[in-house]
Amino acid sequence: MPAMRRPWIPLIASGVASTLCYGLLFAYQGEVMAAFTRTDGWYPLLPVVTALVFSLAHGAFTGYFWEVLGVKARTPAKPQLEE
Amino acid sequence: MTPDQFITLEPAGVAFLLIVGFIGGLVSGFIGSGGAFVLTPGMMSLGVPGVVAVASNLCHKFPKALVGAWKRHKYGQVDIKLGLWMAATASLGMWWGAGIQQDIRSAYGEAGSNLYVSLAFVIVLTIVGLLVARDAARLASGRAVEGTSRLARWVQSIEIPGTMVYFRVARVRVSILFVLPLGFATGLLASTIAVGGFIGVPGMMYILGASSLVASATELVIAFVMGLGGTLKFALGGFVDIRLAMLILLGSLFGVQLGAIGTTFVRPHVIKVVMATVMLIVAISRALVVPVYLAQLGKMSLAEPTMTLLQRGSFAFMVLALVAGAFIIIGALLRGYRTARG
């Protein structure tokens, strides 16, 4: 069985991005909460945009995390055939 | 709401959100939904106001569903067209359901609203949960293979000119007139008990004829659309606590990835086993608090300690539902993994 290439570099890059996201959120939580609970102008979009950015960074990190641990999908599963 | 009305985060609360987030994510990555029924009351027990708990849960739900849907799309399991058609009317169902909730609350107060939600939980989850459990038991015993139900065969045989749509991934050709009401029911249930997937997934399997793998994966598309719309609605009122939402997301993205990977290792009936287990335990949990709400409405008498006991028992069963689901998934994943490696 060929040795599996583990995506260490993407894991580290996405890990740094994810840590930055969470670090900034909690380092400035007072300012963040003040802005994110405003109901005027474009402010209500802030939680949505933030959630999407976090899902990109942290979603990539968690994907690579399991891959580096060797937990990968068995095969690209085909949809179940009926009957 | 003003920022000072939001809670101060304590380490125990953070740990709770991370752990429940992970388990909820694992279950949703596998069966398409789950977690909200523990996360919302769980956040409230930390002192988060109800509306903020609902809003923050929705704000973690749509990015989680996005990541889960993307992952399962890569495995060829997501029928995007079916998901978007269902989501279109699910949004209407959510809007209508919220109106019903509001009417009940203004007529019968908070206890009346809670009673309505709990009864909806008990009735829907018992009926659908038993149906799914029976099917899962038949498949697990090897007496049958996953196929199209009699109802789905009938639905597929109905030709209504101008309304027939072919869903390529689901391999189903049905009239859109069957898909739209199903989406509406999913949204209606989502607005009532926060987990529309308990109707959406069985509906796609038993009414439209999609496989459990495709139905559970497609549900993530619906969850994404509904979660996004719901978050915007609550953000317009300033109710989203982004810290809570992102903390739950921190754990749940680890879970949703693992749950999605798990679907490629297990036999299809395992999805149904997990779904039935979670649904039936949650039904017991909600049945326990029905007497509490009846007592609050003055329809029966119940001592205060008994009410507290029933409420605690109910929450314990909610947690048990998620943990049981997670155990079955991890057990099945490990077995499948060992088999695959020979």
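Take the conditions surrounded by fewer than 23 Cβ atoms within 10 Å (Cβ to Cβ), part of a helix (DSSP H, G or I), at the interface with another protein chain (Cβ under 8 Å from one of its Cβ atoms) and free of Cβ contacts under 8 Å to residues at least 24 places away in the same chain and apply them to B:Leu228. Does it pass? Even if it seems obvious, please write down each step before you answer.
Details: surrounded by fewer than 23 Cβ atoms within 10 Å (Cβ to Cβ): yes; part of a helix (DSSP H, G or I): yes; at the interface with another protein chain (Cβ under 8 Å from one of its Cβ atoms): yes; free of Cβ contacts under 8 Å to residues at least 24 places away in the same chain: no.
It is false that B:Leu228 is surrounded by fewer than 23 Cβ atoms within 10 Å (Cβ to Cβ), part of a helix (DSSP H, G or I), at the interface with another protein chain (Cβ under 8 Å from one of its Cβ atoms) and free of Cβ contacts under 8 Å to residues at least 24 places away in the same chain.
Looking only at the range A:25-50, filter to residues that are of a type outside the set (Phe, Trp, Tyr) and within 11 Å of B:Met246 (Cβ to Cβ); which one of those is nearest to the other protein chains (Cβ to nearest Cβ)?
Ranking the candidates gives A:Pro47 first.
Confirm whether B:Val282 is at pLDDT below 95, over 21 Å from the mean Cα position of the chain (by Cα) and over 19 Å from B:Arg338 (Cβ atoms). Don't jump to the end; show me each part of the working.
Working: at pLDDT below 95: yes; over 21 Å from the mean Cα position of the chain (by Cα): no; over 19 Å from B:Arg338 (Cβ atoms): yes.
No.
Those residues that are assigned to a helix (DSSP H, G or I) and either among the aliphatic types (A, V, I, L, M) or loosely packed, with under 15 Cβ neighbours inside 10 Å (or both), I need them from the range B:146-163; list them, please. Can you show your working first?
Within the range B:146-163, the subset assigned to a helix (DSSP H, G or I) is B:150-157.
Those that are assigned to a helix (DSSP H, G or I) and either among the aliphatic types (A, V, I, L, M) or loosely packed, with under 15 Cβ neighbours inside 10 Å (or both): B:Arg150, B:Leu151, B:Ala152, B:Arg153, B:Trp154, B:Val155, B:Ser157.
I'd like the full set of residues that are over 26 Å from B:Pro291 (Cβ atoms) and modelled with pLDDT under 90, limited to the range B:97-135.
B:Ala98, B:Gly99
Given (1) in contact with a helix residue (DSSP H, G or I) (Cβ under 8 Å, 6 or more places away or on another chain); (2) of a type outside the set (Gly, Ala, Ser); (3) assigned to a strand (DSSP E or B), where does B:Tyr166 come up short, assuming only one miss?
All conditions pass for B:Tyr166, except number (1).
Based on this model, can you work out whether B:Lys71 counts as crowded, with 24+ Cβ neighbours inside 10 Å and of a type in the set (D, E, K, R)?
In short, yes.
Considering only residues that are polar (S, T, N, Q) and either in a helix (DSSP H, G or I) or closer than 27 Å to B:Gly35 by Cβ (or both), which ones fall in the range B:295-342?
B:Gln296, B:Thr306, B:Thr308, B:Gln311, B:Ser314, B:Thr339
Output the residue which, of all residues in the range B:234-269 that are more than 29 Å from A:Leu45 (Cα to Cα) and among the hydroxyl-bearing types (Ser, Thr, Tyr), is farthest from the other protein chains (Cβ to nearest Cβ).
Of everything passing the filter in the range B:234-269, B:Thr263 is farthest from the other protein chains (Cβ to nearest Cβ).
Can you name the residue in the range B:151-178 that is among the β-branched types (Val, Ile, Thr) and within 14 Å of chain A (Cβ to nearest Cβ) and is also nearest to B:Val221 (Cα to Cα) among such residues?
Only one residue fits best here, namely B:Val169.
Give the residue, chosen from A:Arg5, A:Arg74, that is within 30 Å of B:Ile207 (Cβ to Cβ), modelled with pLDDT under 95 and not in a helix (DSSP H, G or I).
Just one listed residue meets the conditions, A:Arg74.
Would you confirm whether or not the range B:130-145 contains a residue that is assigned to a helix (DSSP H, G or I) and of a type in the set (Val, Ile, Thr)?
Restricting attention to the range B:130-145, the residues satisfying the condition of being assigned to a helix (DSSP H, G or I) are B:130-140.
Among the residues that remain, those that are also of a type in the set (Val, Ile, Thr) are: B:132.
Within the range B:130-145, one or more residues are assigned to a helix (DSSP H, G or I) and of a type in the set (Val, Ile, Thr).
The values are calculated or read from the model by the stated rules, or taken from the named source; none is laboratory data. Please read these numbers as outputs of a predicted model, since none were measured by experiment. Here Cβ is always computed from backbone atoms with ideal geometry, including for glycine, and neighbour counts include all displayed protein chains.
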